[in-house]
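A.B. asks: First, the structure itself, so that you have it in front of you.
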Amino acid sequence: MIAVDWGSSSLRGYLLDEHGAILDQRADARGILGCDGNFAAVLADLVDGWPGTILMSGMIGSRNGWIEQPYLPCPATLDDVAAALHPHRDAALPGRALWFVPGVAVAASDAPPDVMRGEETQLFGLDLHAGSAQVCLPGTHSKWATLRAGALTGFATAMTGELFALLRTHSLLGRLMDDGQALDAAAFARGVQRSGEPGGLLHHLFGVRALGLFDRLSPSAAPSYLSGLLVGHEIAALADPAQRVHLVGSAGLTERYAVALAQLGFTSAQAPESLAARGLYRIAKARGMHG
């Protein structure tokens, strides 16, 4: 089978054998926002020469994607997701069976809803022991999820990555920052430490500018300090100190979160980035698909 993880800004495909092992993989920069609506043509390019049924998860099934998939209510199990798979055929991919994985939503009537698309597939790719587990998927919109006995029982989203980008490029804070991307570990740790002090996030954010004005935070260190500040506040708001945090995502980002978690007294474990492929394989198997 072919597993496809299709987000807003990137696209990854995996050719899997009958046991879920990755035989080949490809990446493309054409996420759903870079396709101009030509989803079938982009997918045909990605899977050219690969045999098998195609199973897709992520923003490809969103309102801005190929075919919008309804959200499953939380709690949701692997079998729930498998039962809700939506099939599709397209002339650009003759003879191909295409399947879309639905997203998952927390939609209690007494609280604002929360949603995810793609992360649920990564979560079901995790190898966790029975019982309860806490998982963090850091990124533009970080997800903090709880799994119990294999079921996704709840989650919350933090717009940490997006807020960092907005503050760095469209605020007064950014005017005192260099454009470099390298992490300053000491500045990041200062930001994490500051997040635990009195005053709250809004006050702490202005402190980034004030530190720069008084030459106590260099332009090259300021982005890392801001990152540590935001990540620290995210962890304080959403992490459960009674549980280890399983980190899922790119190595650079999960390592940054692991450092912040350790500084704040939490334990963590990092999972492989290819969890989407494993999750899609398990969903397909639960649905009874064979190639």
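A.B. asks: Could you tell me whether segment 117-177 comes out rounded, prolate or oblate from its Cα gyration tensor? Rule is a ≥ b ≥ c as square roots of the eigenvalues, rounded for a/c under 1.5, then prolate if a/b exceeds b/c, otherwise oblate.
C.D. replies: prolate
A.B. asks: Given the convex hull over the Cα atoms of segment 1-149, what projected area results after averaging over all orientations, in nm²?
C.D. replies: Details: hull surface 38.2 nm².
Mean shadow area of the hull around the Cα atoms is 9.5 nm².
A.B. asks: Quick one: net charge of Leu98's neighbours, Cβ under 14 Å, K/R +1, D/E -1?
C.D. replies: Net local charge, Leu98 excluded: +2.
A.B. asks: How long is the gain from Lys285 to Asp79 if the chain were fully straight, where each residue apart is worth 0.36 nm and the alpha carbon distance is subtracted?
C.D. replies: Roughly 73.2 nm would be gained on extension.
A.B. asks: Can you pull the Kirkwood radius for the chain, inverse mean 1/r over Cα pairs, to one decimal in Å?
C.D. replies: Values: mean 1/r = 0.0495 Å⁻¹.
Averaging 1/r across every pair of different Cα atoms and inverting gives 20.2 Å.
A.B. asks: If you don't mind, another one. Express the carbon and sulfur contribution to the solvent-accessible surface of segment 42-102 as a percent, rounded to the nearest whole number, probe 1.4 angstrom.
C.D. replies: 54 percent
A.B. asks: Can you tally the net charge around Ala237? Count Lys and Arg as +1, Asp and Glu as -1, for every other residue whose Cβ sits under 14 Å from the Cβ of Ala237.
C.D. replies: Neighbourhood net charge equals -2.
A.B. asks: Nearest 5 percent is fine: what portion of the DSSP beta bridges confined to the chain is antiparallel?
C.D. replies: Antiparallel bridges: around 65 percent, rounded to the nearest 5.
A.B. asks: For all pairs of alpha-carbon atoms in segment 84-149, what percent lies in each bin of width 10 Å, listed from the first bin to the last filled one?
C.D. replies: Here the calculated profile for segment 84-149 is 16, 37, 30, 14, 3.
A.B. asks: What is the distance, in nm, between label points placed 7 Å from the Cα along the Cα-to-Cβ direction at Ala29 and at Ala130?
C.D. replies: Distance between label points: 4.9 nm.
A.B. asks: How high is the relative contact order of the chain, in percent, counting Cα pairs under 8 Å that sit 6 or more residues apart?
C.D. replies: Across the chain, relative contact order equals 18 percent.
A.B. asks: Please give me the summed charge of the neighbours of Arg30: other residues whose Cβ is under 15 Å from its Cβ, Lys and Arg +1, Asp and Glu -1.
C.D. replies: Charge balance near Arg30 sits at -3.
The values are calculated or read from the model by the stated rules, or taken from the named source; none is laboratory data. Just so it is clear, the model here is predicted, and its values are computed rather than measured. Here the Cβ is made from the backbone with ideal geometry for all residues, glycine too, and neighbour counts use every protein chain on show. Just the protein is used for accessible areas: all its heavy atoms, side chains included, with ligands, DNA and RNA removed. Shrake-Rupley method; radii C 1.70, N 1.55, O 1.52, S 1.80 Å.
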